[in-house]
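Below is one structure, written out as structure tokens, with a few remarks after it.
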Amino acid sequence: MTKGLIIGGEFGNILVRQKNEQALELGELMIADTSNGQMLLQVFDLLYGSQLTQQHLELISGLKLEEDEKLELMDAKLRTYVLARLKNLAFVSKQVARSAKTLPTFFTKVREIEAKDVSFLTTPLNPLFLGKLRSGSKVLEVPVSIDGRLALSHHVLIAGTTGRGKSVLMTNLLWDAVDKDFAAMLVLDPHDEYFEKLQKHPAAREQIVYYTPKSPPPGARTLKININQLTPRHFDGVVDWSDAQKQALHAYHQKYKDSWIEAVLREQEIRDFHEGTLAVIKRTLMLLLRLDVDDEKNISCSGIFDIGAGQTTIPDIVNALEQCKTVIIDTSSFHGNVEILIGSMIANMVLERHKTYSLQEMKTKPVISIVLEEAPRVLGKDVLERGPNVFSTIAREGRKFNVGLIAITQLPSLIPREVLANINTKIILGIELKPERQAIIESAAQDLSSDERMIASLDKGEAIVTSNFLSFAMPIKILHEEHKVVVKARQSFGGLKL
Amino acid sequence: MKFAHLSDCHIGGWREPKLRDANTKSFILAIDTCLKEKVDFILISGDLFNTAVPGIESLRMAVEQLKKVKDSGIPVYYIAGSHDFSPSGKTMLDVLEHAGLAVNVARGEETFDNKIKLHFTVDKKTGAKITGMIGKKGGLETNYYYQLAKEHLEKEPGFKIFLFHSALAELKPKDLEEMDAMAVSLMPAGFDYYAGGHVHVVDRQNIGAYKNIVYPGPIFPNNFSEVEKLKHGSFVIVEDGNIQHVALPVHPTVCISVDGDGKTATEVEALVKQQLLKNNLDNAIVAIRVSGCLKQGRPADVRWNDLFHDAYAKKAYFVMKNTNAFTSKELQVIMVKEANVEEVEESLLKQHAGQFKLSPNDVELAKKLMHSLSAEKAEGERVADFDSRLHSELDKLLEG
């Protein structure tokens, strides 16, 4: 259906006169058929056009308001209309989409997009489903998937104001990845919201491992981490140690190996450190790890860190990830620092293990993606000014080792430019604040310089995906699906006296 | 209330008769201790036998001991473990139960919605309510736990004991990282005692609402590493909430560990000998572990017969060695990490290139030769034609 005619403009800013009663929408996808292919265009701005001068328009409105409400303009459709600014998204020829490098001729008709126009959007090798293609507010029956192996290892940013669908999108991504063999997800879940939905997945029992410190539902694991698993390095970006304190920690670790925290708490001998330094270390560790030590030097544990249990928790999590499982850790009851400490322990082990793999081995392993809610807590400018942490290391060099981040935030501007630039795929949901939009636009994989208004107008569940692994910045609709528990086949219970 | 908790007896488990005997002695010692301590009842958390159908000797001994216990008026409550479980339920354990020597507490009913509703077995003397879940190989019992109706078990008042034969993820020891394990949360909460088995460790932990999760350790170490780590078997006696691990030292254990890295076979032999001389081996189980890479000679050059002879001369009960990680440079194989045949070939060719020189790129030439030589006779092709084709291809390659 023809919706307008090209009447001027320039590359990236094509002016179209809208056909009357064929309302164009911001973000709407249009097709301009040319002699050798199709130009895929997108509306990024709408404005009024008229054959009448401003003075005449004001006069007519005055007459309508003050004199005769029924006054009609002769040939109104020809004298007043809507103009739209369109940008070139791609040029499609023989089922291949390329960057557009030409302009359609004057008076080329632009028409509404149909599913067949985007048949070039084939399913990638390792598909990770994002949503359905959206044209303005209209949803097309065209699934949009990205190569998950590539996208996840090159990091993903999900940015949007609260209530715009970040959690729904993340749930969808996790749901889709649960039974995929190319990716494993580690979710540090500060709102404890994902497991409730994901446990309905048909493969949940085999593929999802859920850790919680609170009464775990059947099958979930009580989060316990043995203090022997901690090393001084895990505290990078978690505690702001002074140089002397750092040195004392390393001295303890060197001398007492795995039992170094017990040694600190029991005030076991260590030379060349000031008493005050050691006292601060002890107090900080006790507070952070919720440990206590009595006069008899017995250590008691009241949090997730334990002296008996949890000896294999971190390796268990990393092993589960290497087996393509989704690991969700309920961090809702932790102080921010504890959550980061746990994340840091797991991320360090994942990264260390992956660094030992040859390129060939790496190809056989799934990409491990770490989901970071409120990402500026670990990737924020102020945090990284105090020194790098394992997450900034992953952002910088994780893709070489098949380890990626999914950073979720409503404030992308708090993340340094160089980190944002390393995040290749950005899923942008509605953002009201201009500086936040700017931060995303400036670091996007495709040119979004004209999309500010579109981003500001994104409704709940609407998003734009920009990525090197997509042929153009793709508008999508995030699906909100209600999942029901799948009833499993009856099981027999051999060996029991029933 | 006083009860004993045994697990992983693995009767009939060792192949070496002397160790099998030691295992038996350990089991008898445990039973005798229970009788001496006058426990009210005995729990066995799986793997009483090493197989579902044990040998006559093992069975005879077990029956004899259980009869002794029964005659003393002490009931035995058990579950099947991963070794003595049978899907059909037809095991020697079943025979023991029918003979009135022990009670299988992993019993109940299947509900209309395909759930397992376990029943409690109530100990007459103490009123303790006992139930449990079998263990299966590879942690397959986990599926049963997912189908377990827990509400009635958790609501039941009184002193409750749950027998299980599974590794628990939260309590797995570091050296058993690879072991299949299930979450503690699959068990019913709020019991007074969780009598564990399967994991051969001595441990007692509380995890949230799960208090007193106890692994008593095996009755006797089950392999070389366990001999080194545990030294002897053990079980648990619980008296009015006081949990006490009881050691079963039927033989002293002497563990000798020698690092052979960078040494000669003679030096290693001397080091082992020195350790044997130093220790009191009287009636002891001696475990000798040698690791590392010899700088000269082969591991087989160590005169083990002489060393064993020395140990037995000092009245050792049994001598065993572990040389799995003992190697020499001569024996070190070429490690190839590549994933497919082509890459393995390429890697091997690269390692051996340079032994002769035929062309500017011998690796490439060798690959082409291998490719040509692996060609098969085409359908309809005469043998003579195939022969000639092959010759011509090889000539071309070698000339080029």
Could you figure out which of (1) in a helix (DSSP H, G or I); (2) in contact with a Gly (Cβ under 6 Å, 6 or more places away or on another chain) isn't true of A:A347? (2)
May I ask you to list pairs of residues, at least six apart or on different chains, whose Cβ atoms are under 6 Å apart, with the first in the range A:394-422 being more than 20 Å from A:K434 (Cβ to Cβ) and the second being crowded, with 21+ Cβ neighbours inside 10 Å and acidic (D, E)? A:I408/A:E373
Can you pull out the residues in the range A:316-331 that are in contact with a helix residue (DSSP H, G or I) (Cβ under 7 Å, 6 or more places away or on another chain) and of a type outside the set (D, E, K, R)? A:I317, A:V318, A:L321, A:T326, A:V327, A:I328, A:I329, A:T331
When only residues in the range B:89-111 that are within 16 Å of B:Y144 (Cβ to Cβ) and more than 7 Å from every other protein chain (Cβ to nearest Cβ) count, which is surrounded by the most Cβ atoms within 10 Å (Cβ to Cβ)? B:V105
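When you go through A:R437, A:R453 one by one, which is the residue that is surrounded by fewer than 21 Cβ atoms within 10 Å (Cβ to Cβ), more than 14 Å from chain B (Cβ to nearest Cβ) and not in a loop (DSSP other than H, G, I, E, B)? Even if it seems obvious, please write down each step before you answer.
Values: A:R437 fails: surrounded by fewer than 21 Cβ atoms within 10 Å (Cβ to Cβ).
It is A:R453.
Residues that are modelled with pLDDT of 95 or more and of a type in the set (V, I, T): which strands (runs of 3 or more DSSP E) entirely in the range B:247-331 hold 3 or more of them?
Values: elements: B:253-259, B:285-294, B:318-322, B:326-328.
Qualifying strands (runs of 3 or more DSSP E): B:253-259, B:285-294.
Collect the residues in the range B:181-210 that are among the charged types (D, E, K, R) and over 27 Å from A:A320 (Cα atoms), keeping them in residue-number order.
Applying the first criterion (among the charged types (D, E, K, R)) to the range B:181-210 yields B:192, B:203-204.
B:D192, the sole residue that qualifies.
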Going by the structure shown, is B:K38 touching a strand residue (DSSP E or B) at 6+ places or on another chain (Cβ under 9 Å), in a loop (DSSP other than H, G, I, E, B), assigned by TED's automatic domain parsing to the domain that holds B:K137 and over 21 Å from B:M92 (Cβ atoms)? yes
Matching option when the condition is away from every other protein chain (no Cβ under 14 Å), in contact with a helix residue (DSSP H, G or I) (Cβ under 6 Å, 6 or more places away or on another chain) and either within 25 Å of A:S145 (Cβ to Cβ) or of a type in the set (A, V, I, L, M, F, W, C) (or both), among A:A177, A:A183, A:A220: A:A183
Looking only at the range A:369-406, count every residue that is surrounded by fewer than 22 Cβ atoms within 10 Å (Cβ to Cβ) and touching an Asp or Glu at 6+ places or on another chain (Cβ under 9 Å) and tell me the total. 6
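Scan the range A:252-259 and give yes if some residue there is within 14 Å of another protein chain (Cβ to nearest Cβ) and touching a helix residue (DSSP H, G or I) at 6+ places or on another chain (Cβ under 8 Å), otherwise no.
Going through the range A:252-259, the residues within 14 Å of another protein chain (Cβ to nearest Cβ) turn out to be A:257-259.
Restricting the remaining residues to those that are touching a helix residue (DSSP H, G or I) at 6+ places or on another chain (Cβ under 8 Å) gives A:258-259.
Yes - at least one qualifying residue is present in the range A:252-259.
Name the helices (runs of 4 or more DSSP H) wholly within the range A:356-433 that hold at least 2 residues that are within 14 Å of another protein chain (Cβ to nearest Cβ)? Give the derivation first.
Details: elements: A:359-364, A:376-379, A:381-385, A:390-397, A:417-422.
Ranges flagged: A:359-364.
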Within the range B:126-166, restricting to residues that are away from chain A (no Cβ under 13 Å) and on the phi > 0 side of the Ramachandran plot, the one that is modelled with the lowest pLDDT is B:G138
Quick check, is B:K36 surrounded by fewer than 22 Cβ atoms within 10 Å (Cβ to Cβ), free of Cβ contacts under 8 Å to residues at least 40 places away in the same chain and not β-branched (V, I, T)? yes
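Quick check on this structure: which one of A:D189, A:D147, A:D181, A:D176 is of a type outside the set (A, V, I, L, M, F, W, C), within 30 Å of A:Q42 (Cα to Cα) and in contact (Cβ under 8 Å) with a residue 60 or more places away in the chain?
Values: A:D189 fails: within 30 Å of A:Q42 (Cα to Cα); A:D181 fails: within 30 Å of A:Q42 (Cα to Cα); A:D176 fails: in contact (Cβ under 8 Å) with a residue 60 or more places away in the chain.
Only one candidate passes the filter, namely A:D147.
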Grab the strands (runs of 3 or more DSSP E) fully contained in the range A:263-340, keeping just those with 2 or more residues being over 27 Å from A:H354 (Cβ atoms). A:291-293, A:299-301
Selection over the range A:285-323 where residues are under 33 Å from the mean Cα position of the chain (by Cα), in contact (Cβ under 8 Å) with a residue 40 or more places away in the chain and closer than 17 Å to A:R266 by Cα yields a count of 4
Checked A:L5, A:L71, A:L59 against criteria (part of a loop (DSSP other than H, G, I, E, B) and either in contact with a Pro (Cβ under 8 Å, 6 or more places away or on another chain) or surrounded by 11 or more Cβ atoms within 10 Å (Cβ to Cβ) (or both)); the one match is A:L71
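Filter the range B:204-231 down to the residues that are within 23 Å of B:K25 (Cα to Cα), within 14 Å of chain A (Cβ to nearest Cβ) and free of Cβ contacts under 8 Å to residues at least 60 places away in the same chain and list them by number.
If we filter the range B:204-231 for residues that are within 23 Å of B:K25 (Cα to Cα), which is where we start, we get B:215-231.
Keeping just the survivors that are within 14 Å of chain A (Cβ to nearest Cβ) gives B:215.
None; the set is empty.
Report yes if B:A183 is closer than 21 Å to A:I307 by Cβ and either facing another protein chain (nearest Cβ under 9 Å) or buried (at least 18 other Cβ atoms within 10 Å of the Cβ) (or both), otherwise no. Show your work before the answer.
Details: closer than 21 Å to A:I307 by Cβ: yes; either facing another protein chain (nearest Cβ under 9 Å) or buried (at least 18 other Cβ atoms within 10 Å of the Cβ) (or both): yes.
The answer is yes for B:A183.
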Does any residue of the range B:207-222 turn out to be modelled with pLDDT under 95 and within 19 Å of the chain's Cα centre (by Cα)? yes
Within the range A:112-127, does at least one residue satisfy the condition of being β-branched (V, I, T), modelled with pLDDT under 90 and over 26 Å from the mean Cα position of the chain (by Cα)? no
Among all residue pairs at least 6 apart or on different chains, which show Cβ distances below 8 Å where the first residue, located in the range A:109-130, is assigned to a loop (DSSP other than H, G, I, E, B) and the second is among the hydroxyl-bearing types (S, T, Y)? A:I113/A:S135; A:F120/A:S471; A:L121/A:S471; A:T123/A:S145; A:P124/A:S145
Name the residue that is farthest from the other protein chains (Cβ to nearest Cβ), counting only residues in the range B:112-124 that are assigned to a loop (DSSP other than H, G, I, E, B) and surrounded by 12 or more Cβ atoms within 10 Å (Cβ to Cβ). B:D123
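The values are calculated or read from the model by the stated rules, or taken from the named source; none is laboratory data. Since we're looking at a predicted model, the values are computed, not measured. Backbone-built Cβ (ideal geometry, glycine too); neighbour counts: all protein chains shown.
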